[in-house]
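The numbers here are math on the coordinates, done by the rules we state, and not lab data. Worth saying up front: this structure is predicted, and the values here are computed from it rather than measured. Cβ placement follows ideal geometry from the backbone for every residue including glycine, while neighbour counts extend to all protein chains displayed.
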Amino acid sequence: MAEPMKQFEVHTIVPLNVAGLDVSITNSTVWMAISATVLAGFFTLAFARPSVVPSRAQSVGELLFSLIDDLAHSIIGHESKSFMPLVFSLFGFIATMNLLGMFVVPFTPTSQLAVTATLAMLTIAIVVVVGFWKNGFGFFKLFVPSGVPIALLPLMVPIEIISFLVRPLTLALRLFGNMLGGHVVLNIFGSFVVSLGLLGLAGGVATLGFLGAGVALGSVVALLALEFIVAFLQAFVFAALTCVYLNDVVNLHSH
């Protein structure tokens, strides 16, 4: 059986060292760059010549933009337009990496915790910057829930601070765990198809291996369909949570 974790190994392609810092180009950075290029290329072609009667690419692009625009507006409110470039870029980049990993790429960057953690920390850092920009030191009101009795504040404030600090961790682990787990399961069931099929070639009672291989193949098809949904859904969830966190600081007066 093939090693299910081998597909997640990071390999150095171009070793680079700058001032003692390892900035080597790996398969992970290459596929992230390809994903960004594919995303930018798609929307460039889709809207290069916008038409009243949209092409298929333009229709898909408009549908995706409208989906995230409606999401951001429903969560953040009238100021959502200011944050659409960030939210839509995160959604598009993550979705492209996830889907390329399902279609053609033998390596999915979002199956690396370092990648998802970087995206999560970048998102939370922007939330903090926006919080101070919009509210100044009033940003700290975020950790003081409204309507809580003063006697409970010494308990609630630390809980709110801890809850805020674990946001990047939960953002990173949710995306990483779903992509890693899905690919591992697909690899394992795919290995069952091959091993049971080879067993069936032995003949005799071992022919039942073909039956097992058929069941495993059906499972792979079902899991593959589910993984495509998960790949898109996880990008959507990341965008939705980004909107929730931005709403907390943009509309802090109603917190």
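Annotations for the structure displayed:
- Values of log10 I(q)/I(0) for the range 50-209 across q = 0.13, 0.17, 0.19 Å⁻¹ run -0.86, -1.16, -1.27, by the Debye formula with one identical scatterer at each alpha carbon and no solvent.
- Between the range 45-82 and the range 193-214, the alpha-carbon center distance in angstrom: 50
- Contour excess over end-to-end distance, with Cα ends at Leu201 and Ile150 and 0.36 nm allotted per residue: 10.9 nm
- On the beta carbon distance between Ala19 and Val215, with R0 = 35 Å, the FRET formula returns roughly 0.05.
- For Ile25, distant residues with modelled amide H under 5 Å away: Ile13, Val14, Leu16
- Cα-based helix-to-principal-axis angle, 84-103 vs the chain, degrees rounded to 10: 10
- Crossing angle, helix 113-135 versus the chain [Cα axis fit, 0-90 degrees, rounded to tens]: 20
- Where a label projected 7 Å from the Cα of Lys6 along Cα→Cβ would reach, residues of the range 79-102 with amide N under 14 Å: none
- Taking 7 Å steps out from each Cα toward its Cβ at Val30 and Val128 produces label points 3.5 nm apart.
- Label point at Phe47 placed 7 Å out along Cα→Cβ; residues across the range 57-74 whose backbone nitrogen lies under 13 Å: 58-69
- Acute angle (nearest 10 degrees) that the helix 167-200 long axis makes with the longest principal axis of the chain, alpha-carbon atoms: 10
- Added length on full extension, which subtracts the Cα-Cα distance from 0.36 nm per residue, Arg174 to Leu113: 21.0 nm
- Contact order normalised by residue count of the range 6-254, Cα under 8 Å, 6+ apart, percent: 24
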